[in-house]
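Notes for the one structure printed next.
Just so it is clear, none of the values below were taken in a lab; they were calculated from the coordinates. Given the structure is predicted, the values throughout are model-derived calculations rather than measurements. Methodologically, a virtual Cβ is constructed for each residue, glycine included, from the backbone with ideal geometry; neighbour enumeration extends over all protein chains shown.
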Amino acid sequence: MTQVPEVRLADDVAIPQLGLGVFQVPPAETRRAVSAALDAGYRSIDTAAAYHNEAGVGEAIAASGLPRDVLFVTTKLWNSDQGYDSTLKAFDRSAGELGLDYVDLYLIHWPTPKRDLYVDTWRAMEQLRADGRARAIGVSNFTVSHLSRLLESAALPPAVNQVELHPYLPQTELRTFHAEHGIVTEAWSPLAQGALFTEPSISALASKYGKSPAQIVLRWHLQLGNVVIPKSVTPARIKENIEVFDFELADDDLAVIAEVENGKRIGPDPELFNRA
Ligand code: NAD
């Protein structure tokens with residue numbers, strides 16, 4: 001079974017460099033997908049309160065019989081729960097849904113600038129970490145300006161920033177900022193939801209290496225040092241997506257992939273996203 005390398009976070013917790021994402025997966029299907037992933041060797045699962053499938057993740061974990069300490073479970077605080085007290089309450093709800101005493105990584109899902117609550121919210125995240133309810137804490141969809149503001153008052157810097165990132169949107173400036181501040185970059189929609197697979201340069205590299213386009217794109221991320229959480233509910237694809245540790249792309253080929261950059265997002269702009 002494939003062994004996934006780990007990336008060390010600033011607070012000395014190790015995160016597998018590749019995990020399964022379960023955005024937009026209904027609860028019962030989530031249980032099946034997570035079970036297939038655990039069977040294939042995944043040990044990291046990325047969910048969120050807003051996905052309404054934390055219970056499915058928890059059921060698959062319980063059914064796996066795997067020791068808790070070999071698993072890495074990430075969940076996220078939804079926008080309408082930002083604020084000190086409501087964050088602590090929302091955490092309890094998520095932990096209850098997951099059937100876990102603690103999570104490995106708890107993230108603020110979006111900065112939601114209009115609410116202007118993420119600094120207060122971060123204090124609650126720090127409390128959760130101090131209490132051992134979250135082994136590591138981080139953010140998602142934060143820009144350089146949101147991170148800079150948070151770092152001014154944070155006792156602990158975010159361990160991770162999980163952002164939209166793929167060859168169309170490589171987030172070069174943000175990745176540089178992360179590196180300067182010891183923040184690990186985690187890529188959501190790492191496959192650009194499949195849009196990259198028909199890029200001629202990526203198809204050509206798939207033929208050259210005898211791998212699938214998904215495997216080529218995941219390898220690009222891994223060689224850049226990103227943590228990735230590709231989503232699939234299809235067991236064969238779940239397995240394919242983890243089988244990316246037995247080959248390496250040449251530097252020239254990484255550069256060829258980088259040429260597809262167009263700066264376009266699939267998801268919302270974090271400066272404008274304030275949904276409840
Ligand atoms: P993704 O880039 O992982 O693409 C998933 C889609 O690609 C699948 O639905 C499937 O259609 C296709 N696919 C996957 N593997 C394939 C394969 N081997 N062959 C062919 N097709 C394949 O997109 P995503 O689901 O948007 O992102 C992944 C995860 O990132 C999510 O599940 C979620 O956990 C996380 N995420 C986080 C945020 C956030 O705001 N923090 C936002 C979106 C997603």
Fill in: Entries of K208/K239; K231/K264; K76/K208; K76/K211; K76/K231; K114/K264 with Cα pairs more than 27 Å apart
K76/K208; K76/K211
Worksheet item: Considering only the other residues whose Cβ falls under 14 Å of the Cβ of A130, what net charge follows from Lys and Arg at +1 and Asp and Glu at -1?
Response: +1
Response to the item:
Here the range 189-240 gives, from Cα atoms, an Rg and Dmax in Å of 10.7, 27
Worksheet item: In the calculated pair distance distribution of the range 173-270, what percentage of Cα-Cα distances lie above 21 Å?
Response: 33
Worksheet, complete the sentence: Per 5 angstrom bin, beginning at 0 and ending with the bin that holds the maximum distance, the Cα pairs of the range 95-248 fall in percents of 2, 9, 17, 17, 17, 14, 11, 8, 4, 1, 0
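Would you mind counting up the charge near A55? Only other residues with Cβ under 10 Å from its Cβ, with Lys and Arg at +1 and Asp and Glu at -1.
Values: positive: R31; negative: E54, E59, E97.
That works out to -2.
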Discussion item. So for the chain, averaging the separation of alpha carbon pairs under 8 Å that are six or more residues apart and normalising by length, what relative contact order in percent results?
Written reply: 21
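So for the chain, what percent of the C-alpha to C-alpha distances run longer than 30 Å?
Across the chain, Cα pairs with separations above 30 Å total 25 percent.
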